[in-house]
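What follows is a set of notes on a single structure, which appears directly below.
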Amino acid sequence: GTLIWVLLSVAAAGWGIQTLFRQHIRAQLQSELGIYLDHLTAAIQVDPEGRLSLATQPADPRFSMPFSGLYWQISAPAEDGLSAQLLRSRSLWDVRLADDRPSQRTGGDLQTTTRLSSHDALLQMRVRTVYPAEGPRDRLVLSAAADQALWAEPVARFNRELALALGILLLGLMAAVWMQVWFGLRPLTSLRSRLAALRSGQAERIGGAFPAEIQPLVNDLNQVLAQNAQGLERARMQAGNLAHALKTPLSVMANAAAAQDAELPRLVAEQIEAARRQVDYHLVRARAAAAVRQPGLRSPVLPLLQGLVRVMERVHAERALQYDLSGVSADLAFQGEAQDFQEMLGNLLDNAGKWARRTVRVAARLGARGLEIRMEDDGPGLAPGQFERVFERGSRADEKAPGSGLGLGIVRDLAELYGGGVHLERSARLGGACVVLTLPGVQL
């Protein structure tokens with residue numbers, strides 16, 4: 001496409017230049033004919049009897065050479081008893097210029113195209129009518145003509161030279177286009193070979209230096225490769241964790257079945273429940289990892305919290321706990337899946353409900369790090385040394401309390417998948433524990 005465009009551009013430029021030059025030569029020829037007419041006008045003489053003569057002849061020697069291509073003529077029509085008279089250049093020999101009237105007037109002179117009598121030569125002619133102030137003649141017609149070959153030959157010579165110059169220019173431009181495309185696309189060829197090496201397992205990433213126009217693409221590809229590698233490693237780790245977590249319940253059930261233990265039904269139920277919690281935990285992580293890659297998700301915070309509070313009020317109905325959501329604005333939204341938000345806040349509300357005496361307070365705001373949710377209770381709280389340990393998967397602050405120890409671990413894993421975090425501190429207002437959860441959020 002670029003070569004075709006260059007070809008058309010050069011052709012258009014050649015046509016334009018040739019047209020301008022041809023117009024210039026023709027205008028120059030008309031200007032010379034006007035100069036000859038000026039000389040004839042100044043040199044013409046009319047005696048009292050009406051005879052015409054020239055004081056001086058035009059200096060151009062071509063006027064003296066028969067049919068040289070340059071001609072002049074002065075004619076006086078018959079009038080008031082005076083006979084017609086004709087003066088002409090020697091170059092006209094025995095012929096005369098046509099007396100046909102031109103159809104166009106330019107600068108006071110008449111311009112026309114005519115043919116020389118008994119010759120096939122096409123002439124450019126300029127005619128001027130002169131009205132003498134004195135003498136018996138009232139009107140004289142002055143003509144100057146030139147063969148079109150006088151300007152056609154320079155134009156043809158110029159066209160040949162122009163074609164040669166534009167041909168060389170065209171070859172140079174085509175070579176430049178080819179070099180530009182070849183050098184411009186060579187980095188893509190290199191990139192293709194690097195991708196082939198990557199596909200064949202000879203490399204783990206795309207290395208090497210690339211031009212500034214392609215380097216962002218290479219960086220993005222390397223980032224995608226790194227993310228895929230991280231995802232694969234995370235999947236392997238999760239599969240190993242799940243297999244390890246399920247091995248213990250299966251072993252307990254297998255040993256109990258082999259020993260024909262009377263407690264087999266109870267052991268089976270307990271271990272199935274433990275296996276189900278592990279499977280749910282890993283499914284939650286897998287769903288959250290997929291949701292993090294999906295842009296544009298928004299989940300209103302307050303409606304989701306209100307739904308979770310209604311559930312917790314039924315779960316802890318015998319304790320008549322008070323859930324305070326007055327610190328949560330209605331225009332806040334979590335940038336993620338609603339199910340993941342419910343999973344995290346449900347675990348936190350359930351954990352707070354287990355230890356709270358009367359009140360659980362939730363506040364949310366948009367801060368510098370995103371959506372910050374603070375959940376406080378008026379329970380006994382934790383010692384500072386336990387703040388981090390309770391977030392470890394399978395760890396519990398009180399082994400006598402019901403639970404699997406997976407809840408707060410799920411909260412931390414999900415928060416980190418979304419680029420946030422969670423930490424535990426002492427509640428200055430209620431005296432119990434305060435969980436601070438940071439997530440990506442926006443204002444509706």
In whole Å, what is the distance between the alpha-carbon centres of the stretch 1-22 and the stretch 142-221?
17
For the stretch 207-215, in order, what is each residue's ³J(HN,Hα) by Karplus, 6.51 cos²θ - 1.76 cosθ + 1.60 with θ = phi - 60°, in whole Hz (x at glycine and Pro)?
x, x, 9, 10, x, 4, 6, 9, 4
Please list 3J(HN,Hα) in residue order for the stretch 171-186, calculated via the Karplus relation 6.51 cos²θ - 1.76 cosθ + 1.60 where θ = phi - 60°; whole Hz, with x for glycine and proline.
4, x, 5, 5, 5, 5, 4, 4, 5, 4, 5, 5, 5, x, 8, 4
Sparse-neighbourhood loop hits (trypsin sites (Lys or Arg not before Pro), the stretch 134-198; DSSP loop; Cβ within 10 Å at most 13 others) -> 139
Whole-number percent relative contact order across the stretch 1-149, with pairs defined as alpha carbons under 8 Å at least 6 apart
22
Filtering trypsin sites (Lys or Arg not before Pro) in the stretch 17-93 by DSSP loop and by at most 16 other Cβ atoms within 10 Å leaves 51
Inverse of mean 1/r across different Cα pairs in the stretch 127-194, Kirkwood, Å:
18.2
With r as the distance between the Cβ atoms of residue 23 and residue 134 and R0 = 41 Å, compute the FRET efficiency 1/(1 + (r/R0)^6) and round to 0.05.
0.50
Quick check: pseudo-label points 7 Å beyond the Cα along Cα→Cβ at residue 331 and residue 314, how many nm apart are they?
3.4
Roughly how many nanometres apart are two label points built 7 Å out from the Cα toward the Cβ at residue 196 and residue 113?
6.3
Give the peptides 221-229, 126-134 in descending order of average Cβ contacts within 10 Å, highest first.
126-134, 221-229
To the nearest 0.05, how large is the calculated FRET efficiency for residue 369 and residue 229 if R₀ is 35 Å and r is the Cβ-Cβ distance?
0.80
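Every number in this text was worked out from the coordinates using simple rules, so none of it is lab data. Everything numeric in this text was worked out from a predicted model, so none of it was measured. Glycine also receives a Cβ, built like all others from the backbone with ideal geometry; neighbour counts cover every protein chain displayed.
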